[in-house]
Amino acid sequence: MARVGNSIIKGIEVSEIVAKLNRAYADEWLAYYQYFIESKVIKGLMKDAVIGELTLHAADELRHATMVADRIIQLGGTPLLHPNDWLAQTHCGYDAPHDFDVVAILKDAIKGEQCAISTYSDIVEMTRNKDIVTYDMVSQILADEVEHEEDLQSLHDDITEFIADIRKNIH
């Protein structure tokens, strides 16, 4: 634990930060797995482009989990140690894919990114002017999550527009 580093935290309990970060840590692991498994089971039009995006996002989620775990340890906490704890502590939850169609997979992924944006926005607000180190780290992750949502939404829109065009030309 960084004693002097933690002494710069003002107006917020370190335990509160650790608790929020552990929930985000659970979300990152579950998002990593969701992207990983979705990239394996996905079917449909333009799936290869979506597989590429899901694979990149999975790597980012794993990187985020590492960043969050490192910060939890710096704060003197312990990252969640068992996958069961991820499900118990998650903010965003985990929805196993049930419809493997590319559009359904993208909708689920967008929903996950929107939840991550909400989670990290809350932590940014909680740590602003109180814990600059956590604030900076979470701001970086938040920027990634916003980019992820945009990437996935663009793919979704392109695919649904393409499908609509095909249907229009058939009739």
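Values quoted throughout were computed directly from the atomic coordinates according to the rules given, and no laboratory measurement underlies them. Note that the structure is a prediction, hence the values are computed from the model and not measured. Quick reminder, even Gly has a Cβ in these numbers, built from the backbone with ideal geometry, and neighbours come from all protein chains shown.
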Item to check | Leading residue at positive end of dipole, the chain (Cβ point charges), from Tyr135, Ile117, Gly44 | outcome: Tyr135
Checklist entry - Short version: ³J(HN,Hα) in whole Hz for each residue of the range 15-32, in order, from phi by Karplus 6.51 cos²θ - 1.76 cosθ + 1.60 (θ = phi - 60°), x for Gly and Pro, what are they? => result 4, 5, 5, 4, 4, 5, 5, 5, 5, 5, 4, 4, 4, 5, 5, 5, 5, 4
Checklist entry - Against the longest alpha carbon principal axis of the chain, how many degrees, from 0 to 90 and to the nearest 10, is the axis of helix 132-170 turned? => result 10 degrees
Checklist entry - What residues qualify as long-range amide H neighbours of Asp101, i.e. H under 5 Å apart, gap of 5 or more or another chain, H built at 1.01 Å from N? => result Lys43
Checklist entry - So what is the calculated 222 nm ellipticity per residue for the chain, using -39500 (n - 2.57) for each DSSP H run with n of 4 or more, over all residues, to the nearest 500 deg cm²/dmol? => result -27000 deg cm²/dmol
Item to check | Nearest-20 debye value, the range 118-171 charge dipole, Cβ charges on Lys, Arg, Asp, Glu | outcome: 160 debye
Item to check | Order of Lys43, Lys20 under a 10 Å beta carbon neighbour criterion, fewest first | outcome: Lys43, Lys20
Checklist entry - So for Ile72, Ile8, fewest C-beta neighbours within 10 Å to most, what's the order? => result Ile8, Ile72
Item to check | Simple label model, 7 Å out from Cα along Cβ direction - Asn6 to Met46, nm | outcome: 4.8 nm
Next on the checklist: Please list, by residue number, everything in the range 47-64 whose backbone N is under 17 Å from a paramagnetic label point 7 Å out along Cα→Cβ of Ile163.
Outcome noted: 47-51
Checklist outcome for this item: Length gained if Thr78 through Ala104 is fully extended, taking 0.36 nm per residue and subtracting the Cα-Cα distance, is 5.8 nm
Next on the checklist: Defining a contact as two alpha carbons under 8 Å apart and six or more residues distant in sequence, what relative contact order in percent does the chain show?
Outcome noted: 30 percent
Next on the checklist: If the elastic network links every pair of Cα atoms under 10 Å, which of His57, His82, His156 fluctuates the most in the Gaussian network model of the chain?
Outcome noted: His82
Item to check | the range 83-109 versus the range 1-59: alpha-carbon centroid distance in Å | outcome: 13 Å
Item to check | Simple Cβ-charge dipole of the range 87-132, Lys/Arg +1 and Asp/Glu -1, about Cα centre, in debye nearest 20 | outcome: 200 debye
Item to check | Computed magnitude of the charge dipole of the range 35-161 (debye, nearest 20; Cβ of K, R +1, Cβ of D, E -1) | outcome: 480 debye
